[in-house]
Amino acid sequence: MPRALSLTVVAGGLVLMFALTWVASVVYRHDNDRLLTQQVRQVGLTLTSDVAVIQSELSDAAEVANATNANPSSFDRFSNAHIASKSFVSVSLWRVSASGATEVAHTGSTSRLESTGEASTFFAGVRPSAQLYVVGLLSGANPRLGFAAMPADETSSLAVYAEVALPAGRKVQVASASPYGDLNFALYLGAKPEATQLLEATTATPIGGHTASVSMPFGNSQITLVGAATRDLAGGLSTALPWIVLAVGCAIALASGSIVEYVARRRAYAEGLAEENERLYLQQRDIAATLQHALLPALPVVDGMDVAARYAAGVSGIEVGGDWYDVVVTRPGRCVFVVGDVSGRGLHAATTMAALRHAIRAYVMQGDDVATVLAKVGATLTFDDDHRFATVVIGEIDVANHRLTVASAGHFMPLLIAGESAAFVEGHIEPPIGVGVGEPRAVSFEVPPNATLVAFTDGLVERRGEIIDTGLERLRVATANTHQPLEDLLDDLMSALTTGAGEDDAVILGLRWQK
Amino acid sequence: MAEVDEDEQSRAWLECRDCDTGIVVRAGGEMDVASLESLQREIDELLARDPVPLAIDMTDLRFIDSSGIAVLIRLANHFDAIEIRNANPMIRRVIQVLGLETRLPLGPD
């Protein structure tokens, strides 16, 4: 899955980058096209601006000829000036009528129009108008371009005709420093770039590669200019931009892919670790609970008494605890109960607990009274060896006589519930087992009929940040005025007093006189 | 004796004051089974000292569990006399309900 995700990111990034590259290159090409078309159009405009000049000059000359009735001297003055300036190679004056055209005067070389016999065809189309008439004389070795103008006057019949020579091989040079130095172009007569109609070109025709073409009015005809850029008009950066975008984009896509891969791997690893930890925790907790229950005894049947016990592992219960309970029937009508707690947790605490439990049982079975049992068992646990102590409350019950004898070594006294009241047994509390050489003393008193005794460990009443008396009072209030069956009472106490916050293990042992 | 993790409130710390004229140990934080591991070195250093009267100032100690009590008992067993000072009511009651008032005397605050 992590790999799929990072590959998706890389793929997505690459797709995005290719798209951006494509856009950049489209923009670049569009820019280049636009610039090329613009430049070609400008070249065209420069060329066609000549047309107006030629037209007005030829028209003027024709008007003068008309006005002077084809006076040769005024025509010569005009034509000689142009031949001399080499703007025209041949200038002639023609009389145009419905029956044909006749040359009236001539200056410069023989016009190609006449020598090729195209004159009558051409002049048949020439009318008195403001129009300049253009004819391409493009075949042969000395191609020329011819212009004719006739004053826009119905009475005039004279037309002035001039020819310009096209460059040899129709090749022209454009200075590279000129505004059009970056262009190759070819100029054609007519609306289409036809090879036979080529007027001039800066390079071999047809021009290959990426070209722009514009057609513009040229007298009564048109010229078509085809241009191509000799270098990138939009500049070097524009050319490189798509490639820069592509390279940087690929790098970013791969980088983000690897970052995602790394992060995803770390997360998968962490998740795996968390799952493993959870599993181990549950397993450990399960083992701890199993062991704890194995270490706790099955309760005996005590005639005339209800006996029940509950054990709950605390939230930190991944280790066995040191809490225990025990009930021993010493002889008919008498039993001894024990609730204890070894400090600390883990296997060591549990084994200490098991040892103490069995030692206490042994002393009890020997017939020692509860205070003596505590005194004797205190010697079995040496605090300085394993730095543990145990709190123990031990009580002997005379069922028939309703008599209770209790002694405590550092442990909470049991709660005695009788009728409407619930109160902790009052008695002296000696230091815990293992701590000192106390002189355990027992208290002995008679209990009312049907009384209930609840012994417990600190997990039931202790909350961090709370004085212990608050927890004891909470327990006392929860048991007062109860008429529940013993089993139900213990269940309710356990769930009411250990909900959530309980860090420690909790034990409750309940004993109730049936009469 | 070095302070341990004083910036982390839930950790426990032990600090020795006036060590030359008699020992006053200041305990702080929450001294429980989890935090005691980090105090092991300080405890061992204390227990390596000559048995002289020892006072433990608990002004800054907020909580103690049975493992923490076990440490106090070790100190009490090692030193001639021990006195608990300025313990908060919660800690005082823990010592009382354990029947340890004679072993861990709650001195004048």
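The values are calculated or read from the model by the stated rules, or taken from the named source; none is laboratory data. Quick caveat, the model's predicted, so the values are computed rather than measured. Positions of Cβ are backbone-derived with ideal geometry, glycine not excepted, and every protein chain shown enters the neighbour counts. These area figures cover heavy atoms from the full protein model, side chains too; ligands, DNA and RNA do not enter into them. Shrake-Rupley method; radii C 1.70, N 1.55, O 1.52, S 1.80 Å.
What the table below lists for this structure:
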| read-out | value |
| --- | --- |
| Accessible area buried between chains A and B, both sides summed, probe 1.4 Å, in Å² to nearest 100 | 1700 Å² |
| Globularity index of chain A, i.e. its alpha-carbon radius of gyration over 2.2 N^0.38 Å | 2.55 |
| 0 to 90° range, to nearest 10: angle between helix A:236-295 axis and chain A longest Cα axis | 10 degrees |
| B:ASN88-A:ASN450 FRET efficiency (beta carbon distance; Förster radius 41 Å; 0.05 resolution) | 0.50 |
| Whichever aspartates and glutamates have a C-alpha closer than 13 Å to that of A:LYS86, once near sequence neighbours (fewer than 8 apart) are set aside | A:GLU163 |
| Pairwise FRET efficiency - A:GLN38 versus A:ALA84, Cβ, R0 = 60 Å, nearest 0.05 | 0.95 |
| Cα long-axis angle, helix A:486-497 against chain A (0 to 90 degrees, to the nearest 10) | 40 degrees |
| Other protein chain Cβ atoms within 10 Å, averaged over every residue that makes up A:386-396 | 2 |
| All-pairs alpha carbon distance profile, the range B:54-109, 5 Å steps from 0, percent | 4, 21, 36, 30, 9, 0 |
| In nm, spacing of pseudo-spin labels at A:SER74 and A:ASN401 (7 Å Cα→C-beta vector) | 16.7 nm |
| Solvent-accessible heavy-atom area per residue, rounded to whole Å², over the range A:19-175 at 1.4 Å | 49 Å² |
| Förster radius 41 Å - calculated FRET efficiency between A:GLN514 and A:ARG464, Cβ distance, rounded to 0.05 | 0.60 |
| Evaluated at q = 0.17, 0.22, 0.24 Å⁻¹: base-10 log I(q)/I(0), Debye formula over Cα of the range A:1-110 | -0.90, -1.15, -1.24 |
| Gained length - A:ARG285 relative to A:LEU7, 0.36 nm times residue gap less alpha-carbon distance | 96.0 nm |
| Within the accessible area of the protein assembly as shown (1.4 Å probe), percent carbon and sulfur | 55 percent |
| Mean Cα-pair separation over length for chain A, i.e. relative contact order, pairs under 8 Å, 6 or more apart, % | 12 percent |
| Residue list for the range A:121-148, given a label point 7 angstrom along the Cα-to-Cβ vector of A:LYS192 and an amide N cut-off under 13 Å | none |
| Relative contact order %, the range A:226-377, counting alpha carbon pairs below 8 Å whose residues are six or more apart | 15 percent |
| 222 nm mean residue ellipticity, helices alone, for chain A (DSSP H n ≥ 4; -39,500 (n - 2.57); rounded to 500) | -14000 deg cm²/dmol |
| For the range A:45-130: relative contact order, % (alpha-carbon pairs under 8 angstrom, 6 or more apart) | 20 percent |
| Listing of the range B:54-84 residues, each with accessible area lower by at least 30 Å² in the full protein assembly than in the chain alone (probe 1.4 Å) | B:PHE63, B:SER66, B:ALA70, B:ILE73, B:ARG74, B:ASN77 |
| A:CYS335 - accessible surface, heavy atoms, 1.4 Å probe, Å² rounded to 10 | 0 Å² |
